[in-house]
Structures are given as C-alpha cells and as structure tokens.
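Following: one structure in structure tokens, then a few remarks.
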Amino acid sequence: MTEPPIVAQHLTKTFGDDLGISDVNLVVEPGEVFGFLGPNGAGKSTTIRCLLGLYRPSRGQARVLGQDPAAGPAAFLADVGYLPGELRLPERLTGAEVLATFRRMRRGHPTAYEDGLVERFGAELGRPVSSLSKGNKQKLGLVLAFMHRPRLLVLDEPTSGLDPLLQDEFASLLRETVADGRTVLLSSHDLDEVQRVVQRVAIIRSGRIVIDDTVAALRASAPRTVELTFDHDVDPRPLASVPGVTLHVTTARHVTLTHTGAAAPVLTAIAPLRPDTITARPADLEELFLRLYGGTAHAS
Amino acid sequence: MPLDLVRLDLRLRRRMLIGTAVGAAAYLFLVVAVYPTFQHDTAFDDMIAANPAAAAAFGITGSITSPEGWLSANMYANFGPLLALMLTIGYGSAAIAGQDGEGLLGLLATLPVPRARIVAAKALTLLVAALVVPVVSYAVCLAGPHFELNPRWGPLLGVSVALTLLAFDLGAIALLVGAISGSRGAALGAASAIAASAYLISSLSPVVDAVHRVRWLSPFLWAVGDGQLTRGVTVAQLGALAGLGAVLVAATVLAFRRFDIQ
C-alpha cells in the first residue's frame, strides 16, 4: 500500500515559552487537494515549515513523500513544489534569471510545461524582481512551485495578490494537477479560495487542529440559515427550544435562525407561527468558520 | 548544485565586490605611485622611532620607507585588512542570518540541497569575497618596479594568502554567529568586535607588555602583524589561519543543521 504523501503525528513546535503548534495530526492522501485553513497566526505556516524540514519539531514526527523532513537528507524536496506565504525572490534578478537559477539548482531544463505556466499566468520575465508588483511576484512564485511537475505541492496563501481571473486560472491548474495524480496541500485563511477547489480540509486554531473532514461532510454538518418574516407580532422563543436551532436576529416580525440536522423539527416548530415569508440559504462553511474563528471568518 | 548557490550569492553582491576591488586598486596604485617621493625621506622613519606607540596603533612598525614598510604601513597592516574584512564580515552576516531575515533562505532551503552543502556554498562564496582585496592588491603591486618599489615577492605572496585566510576567518565568525542566532546584527556586531580586538592586540603588542603576552591570540598577528612582508609567512601561521577557518565552517554546519529557517 502506498504511503500518503504527508503524514504528521503529534507534531509540536514551541518557540521558547510560546506554543507554535501542538499535537498536529494530518494525513494527506495522494491525488487530492487538501485544504489547510486557519486565521493568520493559527499555526499554518509553522506546520508547513515543519513538514518541509525548515523547522525541527519539538515533539512528534512527520513523513513527507516517505521521508522524515527533520532527518537531514533533502532528497524528498526534489519532488516538492513550495510557495511560501511571504514570497521573497532575489530582488536584483529578472524573472527569467530567477526561473533559470532555480531550474539549474533543481538540475532541470527548460520545458514546454514551464513555458505554458509562464504564458498562463502572464508572468513578467524581462524586468527585475524589485520592480514587480506583489501580484507579478506571486505569478513567478507559482511558476517556480509548479515548473518541475512535483508530486507534492505545498502552497501557502497561493492566490494572494492575484486578480479574480488568475484565481480561476489557478483553480483550473489545481484540478489538472490532481487529475494527473499529484497532491496539493493548500494553506489559506480565505475560505472562498479553499472551498472552491479542495476535497478535504483541516482547520487549525491556536496551534491545534480543530476539524479534519471532507468538505461534503462539513457542509452536511454546517449550520443552515433560515430567515422568517411575519405580518403579525410573534414570540420566537419556542423555536430556540428545538434541538440544533440558534436564534440570531429576532424582532416581533423578523427572525433569523441557524440550525443543524434534519429540517422537519424546525419546520414543525415554525408552522404554528404562520410566517409570511421563509428564506432558507444553503449550508455554508462560512457559518462554521464564524463559530470556529470566534466571530471573524477572514481573521487577519 | 552548490556552485549555483555560489553564483547566486556572488550575483547578489556583485556591485559591492566590484566596487571594493576598484576602490582598493585605485588607492593602492596611488600608494605605489607616490613611493619614489618618500623612499629617501628619513624623517618618516625618525618620526615613527620617536612615537612607537602611536605608530603601532596604525599597525606601523620598523622602517616605513623600505618597500615592505611602505606597503605594510599604507595597505597590508591596516587599510587592506579593513577592506577585505568589510567584504567578508558583510557577506558572512548576510549569507545565513541576512537571507533568513529577508525570507530568501527559506525558498533556497526547500531545494533538494542538504544543509551541509548550503554551508559549503556559503563558505566557497566567502572565500571568493576574501580573495578580492588580496588578489587585486598583489596585482597592483606588480606595477611597483615602475615606481622604484621592489618588495620581496615571495613574502608578499605569502601575506596575500594569509590576508585571504584572515578575511575568510572573520567572515566565517559572522557566518557562524548568524547560524546560531539568526540575527544579522548579532553576526555583524560579534565579528566586527572580534576583528577590532584582534587588530588592537596585534598592533599594540610591540609596545604594551600586557598585550604582548596574549598576542598569539590574534589572527591579525598570524597574518600581517609579525613582519611577514619582510620575513615571510610561516607554515605554522598559514596552518593556524586555515585550521581556524575549517573549525568555524564545521561549527557553522552543526549550527545550521539545528537552525529554524523562516
């Protein structure tokens, strides 16, 4: 049986008295886009650095492409493409020189695939990195991560600085990548970015994994929002007693609630109140995020 | 693969290296060109004989009007090491700690290159930086005979090698401190402080007894502070300089293996 590209067991990293991450357990299966979500400072980048051997874990261990990243030999990195969250490229080199330098260091050669990536993202190759905008640097970073067709891509906030059209292009590239049997760990604090492309997601908060599930399962368990308006005054308190229901906005003629689980008990409780209109929104991970992030879905 | 890292780091510091080489060459050419004006002026030697302590503070001992004394007093005992150390300590502090702070090291360290080889590439780049001033200086000195300056070429070559090793060693201290602390400022500060102390020990040892007793601690003395332009550099001195460099690089490998890269 093939070993998953990423396995982390009780991965813990402390910085003096500060806890970076604690007991992080992750398994990323081959050929999937795995979403790694969390607000800024939650521990996403620390986890990634441990997985790539940049940090030595304080406790626990990881295996990436069958190797322990902390063990020393860097052979597994030949099959990894990495885009850091805060990309820094040699400022004095042009885009073309950056690609050539990293290609040589990977013992690679110019390929049609690399040319295709440059064209696809419209990467600027003729100008020095120092003169490029954040978005244009990010395009170069994406080409660097993908150009050697690695088996595993570790992408930290990959669409930062990209316009919506390029974000769509990036999503297409991810789909092609996993269709090719390769694996992607996509870290982000942006739920919209993640839920468009990932199959499974782990959510990290304060250095600990709080959710690790498929997007479909999360959607099934995510709260659904129901908005009710009335042409007469009502007392909504009986609705709050239905298991899984939380009342949010309530006035005498306007009630907003979220519920998890089956719809029938909620509808049964609503019916006697004789609402004028009922608006139900589909399950949204945003609601789940709001709960997990403690009030901010895009914590920054 | 490390050669690509060497090429990248040299490219990133190209202007600094070329600028220093041109500056050192222009300065030393002037020193060489004016030698005929001073070679018979005994007043200089009298002045140094009358103020040995002040002269020692500038690394000047013995006759200043001999070819070796002239080159030592104006280049090899003070200005030359200063320029060479500026390059190597600057690079040593930037190579690991500086690039880590800038975020570039993280991208390089996720290439399939073991950390020991990254340090090897940094050390090789450091050696190239250390060679710049001694090589350019030796080349300019070759013009000396046109200006009645005929130093002993063997000892001058030995001092050039020793100066290269001295600059390498102090740059390697910056590299090591950077790999331990992750701080470019700490690396720059520590290496500069050690260089200044070593220079003072070497230059003041002829005139201060207390300093004389610990002069063997100073790598400056091993390289340029013991009349090497006249008597030549000993194998023991070159060995000590090379050995110190090797120990510092080995310690950097150990420190860098434990280093958390941003």
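What follows is calculated from the coordinates using simple rules that are stated; it is not laboratory data. Keep in mind that this is a model prediction, so the values were computed, not measured. Cβ atoms come from the backbone with ideal geometry, glycine included; neighbour counts cover every protein chain shown.
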* Distant alpha-carbon pairs in chain B (separation over 23 angstrom), percent -> 52
* Any idea what angle helix B:79-93 forms with the longest principal axis of chain B, computed on alpha-carbon atoms, 0 to 90 degrees, nearest 10? -> 10
* To do: Tell me the label-point distance for the pair A:Thr214, A:Thr268, using the 7 Å Cα-to-Cβ offset, in nm and rounded to one decimal.
  => 3.0
* To do: Calculate the mean, over all residues of peptide B:101-107, of how many other protein chain Cβ atoms lie within 10 angstrom of the residue's Cβ.
  => 6
* To do: Fewest Cβ neighbours within 10 Å first, please rank B:Tyr27, B:Tyr76 accordingly.
  => B:Tyr27, B:Tyr76
* Asked: Which of the peptides A:72-81, A:195-204, B:84-93, B:15-24 is most tightly packed, and how do the rest follow, judged by the mean count of other Cβ atoms within 10 Å per residue?
  -> B:84-93, A:195-204, A:72-81, B:15-24
* **Kirkwood hydrodynamic radius of segment A:1-86, Cα pairs, Å** => 13.3
* Structure fact -> Most packed first (mean Cβ within 10 Å per residue), the peptides A:87-99, A:207-219 order as A:87-99, A:207-219
* **Relative packing of B:172-182, B:2-12, A:180-190, which averages over residues the other C-beta atoms within 10 Å, highest first** => B:172-182, A:180-190, B:2-12
* Around A:Ile204, what is the net charge, scoring Lys/Arg as +1 and Asp/Glu as -1 over all other residues with Cβ under 10 Å from its Cβ? -> +2
* Helix B:153-181 versus the longest principal axis of chain B: what is the Cα-based angle in degrees, 0 to 90, to the nearest 10? -> 40
* At a temperature of 20 °C and a viscosity of 1.002 mPa s, determine how fast segment A:165-216 diffuses translationally according to Stokes-Einstein, using the Kirkwood radius over alpha-carbon pairs as Rh; express D in µm²/s, rounded to the nearest whole number. => 177
* Over segment B:32-149, what relative contact order in percent results from Cα pairs under 8 Å that are six or more residues apart? -> 33
* How many Å³ per residue does the convex hull of the Cα positions in the protein assembly as shown occupy? -> 198
* Asked: Using a simple spin-label model with points 7 Å from Cα along the Cα→Cβ vector, what separation in nm is obtained for A:Thr251 and A:Glu86?
  -> 4.6
* Structure fact -> The relative contact order of chain B, taking Cα pairs under 8 Å that sit 6 or more residues apart, comes to a percentage of 26
* Let me know the mean shielding of B:78-88 by other chains, meaning the per-residue number of their Cβ atoms within 10 Å of its Cβ. => 0
* To do: Quickly estimate the mean residue ellipticity at 222 nm for chain A, helices only: each DSSP H run with n ≥ 4 gives -39500 (n - 2.57), and the total goes over all residues, rounded to 500.
  => -8500 deg cm²/dmol
* Structure fact -> One checks the Cα atoms of segment A:40-123 and finds Rg and Dmax, in Å, of 15.5, 43
* Which value in deg cm²/dmol, rounded to the nearest 500, describes the helix-derived mean residue ellipticity at 222 nm for chain B, given -39,500 (n - 2.57) per DSSP H run of n ≥ 4 and division by the residue count? -> -23000 deg cm²/dmol
* Mind checking which lysines have their C-alpha under 27 Å from A:Lys137, skipping anything on the same chain fewer than 8 residues away? -> A:Lys44, B:Lys122
* By count of other Cβ within 10 Å, fewest leading, how are A:Ser241, B:Ser197 ordered? -> A:Ser241, B:Ser197
* Please tell me the relative contact order of chain A in percent, rounded to the nearest whole number, where contacts are Cα pairs under 8 Å and at least six residues apart. => 20
* Asked: Is there a simple number for the mean count of other chain Cβ atoms within 10 Å of the Cβ of residues in B:108-120, and what is it?
  -> 5
* **Integer Hz, Karplus 6.51/-1.76/1.60 couplings in order for segment A:76-90, x for Gly and Pro** => 4, 5, 4, 10, 10, x, 10, 10, x, x, 10, 6, 10, 10, x
* If each residue's Cβ is checked for other Cβ atoms within 10 Å, how do A:His259, A:His232 rank with the fewest at the top? -> A:His232, A:His259
* For q = 0.12 Å⁻¹, what log10 I(q)/I(0) does segment B:63-159 give under the Debye formula with an equal point scatterer on each alpha carbon and no solvent? -> -0.53
* Specify the residue with the greatest mean-square fluctuation among A:Leu153, A:Leu51, A:Leu166, computed from a Gaussian network of chain A linking alpha-carbon atoms under 10 Å apart. => A:Leu166
* To do: Two decimals is fine: what's Rg over Rh for chain A, C-alpha atoms, Kirkwood radius as Rh?
  => 1.07
* To do: Collect residues whose amide H, placed 1.01 Å from N in the peptide plane, falls under 5 Å from the amide H of A:Tyr82; neighbours closer than 5 in sequence don't count.
  => A:Val154
* Between 0 and 90°, nearest 10: helix B:184-204 axis offset from chain B longest Cα axis -> 20
